[in-house]
Amino acid sequence: AQTVTQSQPEMSVQEAETVTLSCTYDTSESDYYLFWYKQPPSRQMILVIRQEAYKQQNATENRFSVNFQKAAKSFSLKISDSQLGDAAMYFCAYFTGANSKLTFGKGITLSVRP
Amino acid sequence: GAGVSQSPSNKVTEKGKDVELRCDPISGHTALYWYRQRLGQGLEFLIYFQGNSAPDKSGLPSDRFSAERTGESVSTLTIQRTQQEDSAVYLCASSLRLAGDTQYFGPGTRLTVL
């Protein structure tokens, strides 16, 4: 069974600084997708970034980028120039067509200090 | 509509009562998912629908839980004889197709069972 591990329950970053959130996963599949979702206190899950496993190039979306290490089964999220609005829970998630569902990590609470 | 909508936003019920939660997916999205999120936890998959295919009910925690979807439109999640452990946020998501497409989430229904 696939598992997603987010080992850090909380992190804090100074506004305008850079922070990296870690995520590892376990799978025997070769074709899958990885996601980072943000959940602010409003509880709306918002897609941050998406990575297709067959693509070697790391996905980027403005201030957000990933470090995808397929062999190590690692998928970390880097947030550059952190803003107060980045404060939220961040979930790493894995999807494979074999079971057609998103498997989520337990999440990490990110706080941003002004 | 612009996004996934869910109703009600909040539901308080007494133990033993039945509840029905509703999800309106994004128009044109053929895949629809239900997840449960207990306080401070990640999301647990419950069920998904893909077009007119038989739904994958593998995540439903007990036979008190059921869900329906008519075609590619509205879905309802029904919990019969609610228990206190059913208290959680129930999130619905939809995607264009199935394999790896981004899932867009609704704001969720917070269910409290007294």
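The values are calculated or read from the model by the stated rules, or taken from the named source; none is laboratory data. Just so it is clear, the structure is predicted and the values come from calculations on it, not from any experiment. When we count neighbours, we look across all protein chains shown, and the Cβ atoms used for this are built from the backbone with ideal geometry, even at glycine.
The table below lists the values:
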item	result
Test result for B:PHE49, of a type outside the set (Val, Ile, Thr) and either touching a Cys at 6+ places or on another chain (Cβ under 9 Å) or modelled with pLDDT of 95 or more (or both)	no
Which listed residue is of a type outside the set (Lys, Arg), within 23 Å of B:ASP101 (Cβ to Cβ) and touching a Lys or Arg at 6+ places or on another chain (Cβ under 6 Å), from A:SER30, A:SER65	A:SER65
Cross-chain or 6+ apart pairs with Cβ under 9 Å, the stretch B:1-16 first and without any contact (Cβ under 8 Å) to a residue 40 or more places away in the chain, then charged (D, E, K, R) and not in a loop (DSSP other than H, G, I, E, B)	B:GLY1/B:ASP24
Test result for B:THR109, touching a strand residue (DSSP E or B) at 6+ places or on another chain (Cβ under 9 Å) and either at pLDDT 95 or above or among the hydrophobic types (A, V, I, L, M, F, W, C) (or both)	yes
Where a residue in the stretch B:39-50 is more than 16 Å from B:SER62 (Cα to Cα) and its partner, wherever it lies, is crowded, with 22+ Cβ neighbours inside 10 Å and among the hydroxyl-bearing types (Ser, Thr, Tyr), with Cβ under 6 Å and at least six apart	B:LEU43/B:TYR35
Residue check, A:VAL48 closer than 11 Å to A:TYR90 by Cα and either of a type in the set (A, V, I, L, M, F, W, C) or at pLDDT below 90 (or both)	yes
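Listed here are the residues, each with its yes/no results for (1) within 14 Å of another protein chain (Cβ to nearest Cβ); (2) more than 26 Å from A:SER42 (Cβ to Cβ).
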{"site": "B:GLY16", "(1), (2)": "no, yes"}
{"site": "B:GLU20", "(1), (2)": "no, no"}
{"site": "B:PRO25", "(1), (2)": "no, no"}
{"site": "B:THR30", "(1), (2)": "yes, yes"}
{"site": "B:TRP34", "(1), (2)": "yes, no"}
{"site": "B:SER53", "(1), (2)": "yes, yes"}
{"site": "B:ARG69", "(1), (2)": "no, no"}
{"site": "B:THR76", "(1), (2)": "no, no"}
